Every structure is written in C-alpha cells, then in structure tokens.
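Worksheet: the structure to be examined is printed underneath.
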Amino acid sequence: MAHPTQLGFQDAASPIMEELLHFHDHALMAVLLISMLVLYIISVLMSTKLSSTNTIDAQEIEMVWTIMPAIILIVIALPSLRILYLMDEISSPDMTVKTIGHQWYWSYEYSDFTDLNFDSYMTPTKDLAPGHFRLLEVDNRMVTPIGTAARILITAEDVLHSWAVPALGVKSDAIPGRLNQTSFLIAHPGVYYGQCSEICGANHSFMPIVIEALPVTNFLNWVSAAQST
C-alpha cells in the first residue's frame, strides 16, 4: 500500500514486479550517469577558455558521441524486452479468473470452480470498517492462493476500463468485445489494492480492485464457503 510521502514504487509482491523494480533502478542509473556527464561537460565549457579548435572537426569525437548513445540504448533496451516477454508469457496457469469491467464496478468469474462468481463494488465511506481505506475497499474481494500462477482474462461490458494492481506489476485494458489476458504469481499473503486506470466515465475513480492472497488451504475453505452461499 502506498503512503503519501512515498517517492518510489510499492513493494513488489510478485516476481514480475521485482523485475520491473530492478529495471527501474537500472534505467535510473543510466540516466543519472548521462546527466552527470552532460553537466560536467557544460561546466567545463563555461569555465574553460578554448585554446585550440582542433577538436571541432575531429572524427574520433564524432564517432564517440554517435556510438556511445547507441550502446546506452542497447543496454537499456535488452532488459526491457526481456521483461516484456516475461509479462506476456502464460504457459500453464494453475487458475483462471475472468474479470469484467462495468460502469462502475468489477465482476469476477472463477472458471475452474462451479457457480463461483460475484460483483465487487466500492464500499461507501459510511460503511467502512476500522483499518479499511476510503475509495479503495470493496464489498467482495478477489481471493487468490499464494504461490499459484493465476491467469486473468479481462474484458468490459460497456466502455473501456483498465485492470491495474501496482504491487503485482499488472495492468491490462478491458475492452468491450475483446478478451485480454495477463498473469501473476503472488509470493506472500496480503491484501493488494488497485484501481481502474482508464478514464471510463463519471465514476472512473470509484472502481477499486482488491486482491486478497491466502494460503492454498485457506483459499479452498473460502471457495467452499462462497459456493455454499
């Protein structure tokens, strides 16, 4: 959960988000080194009296400032492509959940279980329990087991939506008439919050997403209780 003074990302709760955090630090170091080099060159040019103009037409310098940016771009692009392919790789999921965006709430259907589907509305402020977050809590949380590869099928019934959970490194558009998919594997138990990240209408900011990750035994108990109600 993010806090008001937080400068970086939320703590990673999935392997993909850990990779994204590492890539962020990697790219930031490259940007920092480039900025320091540019500032150094600017300060030298402003404080040093040029005594020779032989470097103006030097082919060596032109080759350096042409090849070095290309090398830097390659160093940044290769890890980025690796993570991109990892995010799209969905080989053999252990569980499938279909998520449907509506105006303005989410519906969840557990395809691997019989008669397990529900709607998830934002909890009004007057009904919040102690410790719950305003505009982020819902009446029915999406529950998943930890250590399980979950595939999420995402679509919408009316307008464009976007299903996003920052701590899991997941963000996928929900488009009417189209089925997108993404996946995640939650590493440890917890409650993870997200929101619709598409401007989908007047109540766009009132479509929270709450994922509760439980041990497998607790998850199966929840499934049994949900199917019996």
Practice item. Determine which member of the set F219, F184 is open to solvent by less than 30 Å² (accessible area, probe 1.4 Å), in contact with a Pro (Cβ under 8 Å, 6 or more places away or on another chain) and closer than 17 Å to T96 by Cα. Key: F219
Study note, to complete from the structure: Selection over the stretch 188-210 where residues are out of contact with any helix residue (DSSP H, G or I) (no Cβ under 7 Å at 6 or more places or on another chain) and more than 15 Å from Y105 (Cβ to Cβ) yields a count of 7
Revision key, fill the gap. Filtering the stretch 23-44 for residues that are of a type in the set (S, T, Y) and over 17 Å from M68 (Cα atoms) leaves a count of 1
Review point. Which residue pairs have Cβ atoms under 7 Å apart, sit 6 or more places apart or on different chains, and have a first residue in the stretch 65-80 that is surrounded by 10 or more Cβ atoms within 10 Å (Cβ to Cβ) and a second that is in a helix (DSSP H, G or I) and aromatic (F, W, Y)?
Key: P79/F23; S80/F23
Point to revise | 1 or more residues basic (K, R) and touching a residue at least 24 places away in the same chain (Cβ under 8 Å): qualifying strands (runs of 3 or more DSSP E) within the stretch 116-177 | key: 149-156, 170-174
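The values are calculated or read from the model by the stated rules, or taken from the named source; none is laboratory data. This one's a predicted model, so the numbers in the text were calculated from it and none came from an experiment. Neighbour counts are summed over all protein chains in view; Cβ atoms, including those assigned to glycine, are modelled from backbone coordinates with ideal geometry. In case anyone asks, the SASA skips ligands and DNA or RNA and just uses the protein heavy atoms, side chains included. Shrake-Rupley method; radii C 1.70, N 1.55, O 1.52, S 1.80 Å.
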